[in-house]
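Below: the structure, in structure tokens.
The values are calculated or read from the model by the stated rules, or taken from the named source; none is laboratory data. All values reported here derive from a predicted model rather than from experimental measurement. Here the Cβ positions follow ideal geometry from the backbone for every residue, glycine too, while neighbour counts run over all protein chains shown.
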């Protein structure tokens, strides 16, 4: 099972990272536990994780109007993890670009 799916690089998460320089967000597998997320981040980025907060988001309900009628459905739900690192540590998401 792959635990980390992708890092969160949104305006809201960037604002959190600027306010708290040692917090980073990730989209993770819905079945992953906090200890699995902690181990995956420590292994991938070679940092020390002090805490992990998780939340599950229900997919948004979307409706669109087409020629054949109203089509409604739901976007995929996902799990988000906010990882707090040890003092003085950082993750550089842009180093491989």
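Listed by position, the strands (runs of 3 or more DSSP E) contained in the chain that have at least 3 residues being under 15 Å from the mean Cα position of the chain (by Cα) are 4-7, 23-28, 49-57, 78-85.
Residues that are in contact (Cβ under 8 Å) with a residue 24 or more places away in the chain and in contact with a strand residue (DSSP E or B) (Cβ under 7 Å, 6 or more places away or on another chain): does the stretch 56-63 have at least one? Steps first, answer last, please.
Residues of the stretch 56-63 that are in contact (Cβ under 8 Å) with a residue 24 or more places away in the chain, as a first pass: 56.
Retained after the next criterion (residues that are in contact with a strand residue (DSSP E or B) (Cβ under 7 Å, 6 or more places away or on another chain)): 56.
Yes, some residue in the stretch 56-63 is in contact (Cβ under 8 Å) with a residue 24 or more places away in the chain and in contact with a strand residue (DSSP E or B) (Cβ under 7 Å, 6 or more places away or on another chain).
For the stretch 56-97, the set of residues classified as surrounded by 10 or more Cβ atoms within 10 Å (Cβ to Cβ) and within 19 Å of residue 22 (Cα to Cα) consists of 80, 81, 82, 83, 84, 85, 86, 89, 90, 91, 93, listed by residue number.
Might you check whether a residue that is surrounded by 12 or more Cβ atoms within 10 Å (Cβ to Cβ) and under 9 Å from residue 81 (Cβ atoms) occurs anywhere in the stretch 40-47? Checked against the condition, which is being surrounded by 12 or more Cβ atoms within 10 Å (Cβ to Cβ) and under 9 Å from residue 81 (Cβ atoms), the stretch 40-47 yields at least one hit.
Restricting the stretch 55-97 to residues that are in contact with a helix residue (DSSP H, G or I) (Cβ under 6 Å, 6 or more places away or on another chain) and at pLDDT 95 or above leaves a set whose member that is farthest from residue 5 (Cα to Cα) is 83.
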